[in-house]
Amino acid sequence: MNPPSQDTLDTARSVAKAAEAGYGRTADRVPNEATALALQDTLLTPRFYTTDFAAIDRLNVEPIREEWEKLMAEFEADNNDEHFQRPPDMRGDCSKLPEGLYQEFREFLISSCTSEFSGCVLYAEIKKRVKNPDMKRLFGYMARDESRHAGFINQWLKDFGIGVDLGFLTKAKKVTYFKPKYIYYATYLSEKIGYARYIAIYRQIEKHPELRFHPIFLWFEKWCNDEFRHGEAFALIMRANPDLLRGLNLYWIRFFQLAVFATMFVRDHSRPEMHKALGLNPADYDQRVFHITSEICKQVFPVTLRYDTPEFLKGLQALRVIQESVDRAKEAGGIGSLLRRGGLALQAAWVFGRLYLQPVHRQPLPEQARLAPSW
Ligand SMILES: [Fe+2]
Ligand SMILES: [Fe+2]
């Protein structure tokens, strides 16, 4: 008999963890592997968040009312209403993908679906819990978009017979509390980096249609405009409340930019086959995404990272190597593995700290907060 693959082991562990955490009395209650993968909460996997809804309720957008109403009109117009439909005869023709590529692409789809759904769950909850009409309206629109996105990815997953059980996930996935201001910084960044990631892939397959190994990439261009718009909403919220963008908060802004970039770098390097198939080198692709994201961030953040220096890249590479050692230690298991992982966590914190202390760019905020998706 062949030994179980690392993937199977991870899934089994995650099913067991889900069962231990009380999601069901027996492990087999987790409906399938895809849902088990989506349930995983690690530093690199998408999480579900909750926050202080009363603080969101108190947000005031009066200082930027005119820009706000324009943005709400765009949401209202809903120009992607018809976009997330696929021709009935189109299926994810990926059953013949090479094994390595299939595994990475499957994991990419599950992780993207979870992260879209995480936005949906948070936005829908905020909409439900606030009375402030501006917030209720905004979070209603954004929940609508994210639910469409998550459902769309899940349709393609179902072609492989591995759809995520989103209902189960809603009940079972651990929810992490984030202060409202962390939600603004982190969600703004994740919307904008989401835009940058999708548009960078779309531009690549536009130039090289022969590299498009799955039809879903055809949807990325209009799709990422939704993410861009979601980011615009958080940009306006922060610009309307400028205390969020000065003083000690600048340290949080630097922290979240670095956390988002480092997570993406490490995660992308764990998908070599997928990047090869798209004709992309993960380090170059990430530089492109950092560039787009950082240019956009200048609309709202007075500090941005110097992501293109040799020191910065060296630090990210070091984090990637540490993550590979963590994966190997996990595979080995046992007490030795726990000790080893503790040591590696300290190393990672040290490297992260050094990256954090790198010099940054500082710039005044532009008069006009709004930006158009022009990349
Ligand atoms: Fe989305
Ligand atoms: Fe979004």
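Here are the numbers for this structure:
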| read-out | value |
| --- | --- |
| Highest-MSF residue in the chain out of GLU33, GLU191, GLU311 [GNM, Cα springs under 10 Å] | GLU311 |
| Rg in Å to one decimal, and Dmax rounded to a whole Å, for region 241-342 via C-alpha atoms | 16.7, 49 |
| For ARG362, net neighbour charge (Lys/Arg +1, Asp/Glu -1) across residues whose Cβ lies under 13 Å away | +4 |
| Hull shadow area, averaged, region 64-122 [alpha-carbon convex hull, nm²] | 6.5 nm² |
| For region 332-345, 3J(HN,Hα) per residue [Karplus equation, 6.51 cos²θ - 1.76 cosθ + 1.60, θ = phi - 60°, Hz, x = Gly/Pro] | 5, x, x, 4, x, 5, 4, 4, 4, 5, x, x, 5, 5 |
| Charge sum, other residues only, whose C-beta stays under 15 Å from TRP252's C-beta, Lys/Arg counted +1 and Asp/Glu -1 | +3 |
| 20 Å-binned pair-distance histogram of the chain (Cα, whole percent) | 27, 61, 12, 0 |
| Values of log10 I(q)/I(0), in the order q = 0.13, 0.22 Å⁻¹, for region 213-277 under a Debye, Cα-only, solvent-free model | -0.61, -1.05 |
| 222 nm mean residue ellipticity, helices alone, for the chain (DSSP H n ≥ 4; -39,500 (n - 2.57); rounded to 500) | -21500 deg cm²/dmol |
| Estimated translational D of region 172-322 in µm²/s (Stokes, Kirkwood radius over Cα pairs; 10 °C; 1.306 mPa s) | 96 µm²/s |
| Environment charge of ARG148, counting only residues whose C-beta is closer than 14 Å and scoring Lys/Arg +1, Asp/Glu -1 | -4 |
| For region 44-143, radius of gyration divided by Kirkwood radius, i.e. Rg to Rh on alpha-carbons | 1.11 |
| Dimensionless Rg over Rh [region 302-359; C-alpha; Kirkwood] | 1.11 |
| Residue among LEU39, PHE213, GLY140 farthest towards the positive dipole end of the chain, charges placed on Cβ | LEU39 |
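Each reported figure results from applying straightforward, stated rules to the coordinates on display, with no laboratory input. None of these values were measured; they are calculated from a predicted model. Cβ sites come from the backbone with ideal geometry, for glycine too, and all protein chains shown count toward neighbours.
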